[in-house]
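Asks: Quick one: the structure is below, and I'll ask about it shortly.
The values are calculated or read from the model by the stated rules, or taken from the named source; none is laboratory data. Bear in mind that the values here come from a model prediction, so they are computed numbers and not experimental data. Because the Cβ atoms are built from the backbone with ideal geometry, glycine has one as well, and the counts that use them run over all protein chains shown.
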């Protein structure tokens with residue numbers, strides 16, 4: 001069998017197992033990406049979650065010396081939730097970003113890639129393959145761009161003509177020299193809606209993202225959030241979709257091809273108050289299957305506290321005051337103090353003062369003191 005015929009057969013097989021788009025790329029060095037990554041590191045714009053070795057991220061042959069081509073795949077995920085519960089001041093809810101709806105996409109794509117590997121192994125005796133999804137050395141987006149899956153947009157996402165940017169990406173390096181596909185020409189044009197809409201100004205310019213300011217990254221951190229970011233978080237518990245939802249190329253894009261990607265509304269748009277007291281076991285049982293749980297419950301709880309402050313939910317004050325004096329984690333105690341100050345009320349100053357007398361952690365003390373000084377300014381109509 002020729003490589004050309006094998007490529008045709010692999011494309012057909014990929015469709016039969018539910019891969020929505022497939023493309024093929026060379027293993028040449030990603031030279032443009034390499035320079036961009038060097039600049040990102042020098043500016044401290046990277047998130048720290050990436051592979052730190054730039055050479056590994058841009059030199060496929062460092063990962064597999066005998067590599068001859070890369071197969072890139074894309075799976076479309078839903079952008080709209082059926083029967084989504086409303087979030088109101090009386091019933092405030094948080095939200096997980098669309099990319100974390102349904103079963104963790106890492107598992108879904110790895111299963112698809114494993115089937116592609118098996119398909120090739122059954123036809124080429126000495127083939128060697130290595131697959132990766134998101135956490136591998138290579139940049140999924142750079143591979144997808146080269147393989148003609150889509151173009152790299154100004155918000156740094158890959159936009160496909162068929163599915164917009166609502167796609168999961170993965171790739172497989174292989175020793176088979178498949179003919180590479182042609183990249184798609186960039187189609188953002190003069191549009192800057194994603195840049196203009198970014199809540200924190202994280203999109204520095206078209207194609208350049210400061211991950212340290214990106215809400216999608218910030219929701220996954222475990223420490224204190226700077227106040228400038230707390231007030232921008234809204235009710236986001238994990239991730240951020242703003243730069244995708246404002247994109248004209250995503251208008252009307254909503255695909256429900258994969259049942260395992262369908263969201264459970266009570267999981268991806270949960271009530272906020274129950275998150276404050278959820279146990280580790282309960283968190284794992286309820287949220288463990290989605291990708292948004294990978295950092296554990298602490299960031300989600302911190303973000304839930306911030307979201308409660310966003311809604312100024314007075315009914316949550318007893319829970320927040322309990323966290324302030326009883327939770328063993330300084331980040332949760334300090335964020336609770338900030339939220340109490342934002343919500344305000346007749347008796348919160350006394351609760352904050354009492355907590356301050358017992359608090360030993362300096363960062364938490366600072367948060368309590370700032371919350372105390374701000375209460376009158378948030379509630380000037382109170383006696």
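Asks: Examine region 65-78 for a residue that is within 22 Å of the chain's Cα centre (by Cα), touching a residue at least 24 places away in the same chain (Cβ under 8 Å) and farther than 17 Å from residue 170 by Cβ, and state whether such a residue exists. Reasoning before the result, please.
Replies: Filtering region 65-78 for residues within 22 Å of the chain's Cα centre (by Cα) gives 72-78.
So of that shortlist, the ones also touching a residue at least 24 places away in the same chain (Cβ under 8 Å) come out as 72-78.
Those still in the list that are farther than 17 Å from residue 170 by Cβ too: 78.
Yes, because at least one residue in region 65-78 is within 22 Å of the chain's Cα centre (by Cα), touching a residue at least 24 places away in the same chain (Cβ under 8 Å) and farther than 17 Å from residue 170 by Cβ.
Asks: So, in region 107-129, of the ones that are out of contact with any helix residue (DSSP H, G or I) (no Cβ under 8 Å at 6 or more places or on another chain) and assigned to a loop (DSSP other than H, G, I, E, B), which residue ends up surrounded by the most Cβ atoms within 10 Å (Cβ to Cβ)?
Replies: If we take residues in region 107-129 being out of contact with any helix residue (DSSP H, G or I) (no Cβ under 8 Å at 6 or more places or on another chain) and assigned to a loop (DSSP other than H, G, I, E, B), then 128 is surrounded by the most Cβ atoms within 10 Å (Cβ to Cβ).
Asks: Before we move on, is residue 104 buried (at least 17 other Cβ atoms within 10 Å of the Cβ), out of contact with any strand residue (DSSP E or B) (no Cβ under 8 Å at 6 or more places or on another chain) and modelled with pLDDT of 95 or more? So that I can check it myself, show each step before the final result.
Replies: Values: buried (at least 17 other Cβ atoms within 10 Å of the Cβ): yes; out of contact with any strand residue (DSSP E or B) (no Cβ under 8 Å at 6 or more places or on another chain): yes; modelled with pLDDT of 95 or more: yes.
So residue 104 fits the description; yes.
Asks: Could you please find all residues in region 136-157 being in contact with a helix residue (DSSP H, G or I) (Cβ under 6 Å, 6 or more places away or on another chain) and either over 20 Å from residue 36 (Cβ atoms) or without any contact (Cβ under 8 Å) to a residue 60 or more places away in the chain (or both)?
Replies: Listed by number, the residues that qualify are 152, 154.
Asks: Looking at this structure, is residue 324 over 13 Å from residue 364 (Cβ atoms) and in a helix (DSSP H, G or I)? I'd like the intermediate steps shown before the answer.
Replies: Numbers: over 13 Å from residue 364 (Cβ atoms): no; in a helix (DSSP H, G or I): yes.
Judged against the criteria, residue 324 is not a match.
Asks: Looking only at residues that are in contact (Cβ under 8 Å) with a residue 60 or more places away in the chain and in a helix (DSSP H, G or I) in region 211-230, which one is farthest from the chain's Cα centre (by Cα)?
Replies: Within region 211-230, the first condition is being in contact (Cβ under 8 Å) with a residue 60 or more places away in the chain, and the residues that meet it are 211-212, 214, 216-217, 219-225, 227, 230.
After this cut, where a residue has to be in a helix (DSSP H, G or I) as well, the list is 211-212, 216-217, 227, 230.
Numbers: 211: 11, 212: 13, 216: 5, 217: 7, 227: 21, 230: 17 Å.
Residue satisfying both the conditions and the ranking: 227.
Asks: Do we find a residue being under 30 Å from residue 103 (Cα atoms), outside any helix (DSSP H, G or I) and modelled with pLDDT of 95 or more anywhere in region 307-317?
Replies: The first filter runs over region 307-317 and keeps only residues under 30 Å from residue 103 (Cα atoms), leaving 307-311.
Then keep just the ones that are outside any helix (DSSP H, G or I); that gives none.
No, region 307-317 contains no residue that is under 30 Å from residue 103 (Cα atoms), outside any helix (DSSP H, G or I) and modelled with pLDDT of 95 or more.
Asks: Just checking, which of 369, 301 is crowded, with 18+ Cβ neighbours inside 10 Å, part of a helix (DSSP H, G or I) and on the phi < 0 side of the Ramachandran plot? Step through it out loud before you land on a result.
Replies: Numbers: 369 fails: crowded, with 18+ Cβ neighbours inside 10 Å.
Every option except 301 fails the conditions.
Asks: Also, I was wondering about something else. Considering only region 80-98, I want to know if a residue exists there that is out of contact with any helix residue (DSSP H, G or I) (no Cβ under 8 Å at 6 or more places or on another chain), over 30 Å from residue 308 (Cβ atoms) and either modelled with pLDDT of 95 or more or assigned to a helix (DSSP H, G or I) (or both).
Replies: Taking every residue of region 80-98 in turn, none turns out to be out of contact with any helix residue (DSSP H, G or I) (no Cβ under 8 Å at 6 or more places or on another chain), over 30 Å from residue 308 (Cβ atoms) and either modelled with pLDDT of 95 or more or assigned to a helix (DSSP H, G or I) (or both).
Asks: Would you check if residue 178 is surrounded by fewer than 18 Cβ atoms within 10 Å (Cβ to Cβ) and under 25 Å from residue 14 (Cβ atoms)?
Replies: no
Asks: Just name the residue that is farthest from residue 161 (Cα to Cα) out of those in region 1-29 that are in a loop (DSSP other than H, G, I, E, B), over 24 Å from the mean Cα position of the chain (by Cα) and touching a residue at least 60 places away in the same chain (Cβ under 8 Å). Outline the logic, then answer.
Replies: Going residue by residue through region 1-29, those that are in a loop (DSSP other than H, G, I, E, B) are 1-2, 17-20, 26-29.
Pick out the ones that are also over 24 Å from the mean Cα position of the chain (by Cα) and you get 1-2, 17, 26-29.
Narrowing the set further to residues that are touching a residue at least 60 places away in the same chain (Cβ under 8 Å) leaves 1, 17, 26-27.
Numbers: 1: 32, 17: 21, 26: 22, 27: 24 Å.
Step by step, filter region 1-29, then rank; the result is 1.
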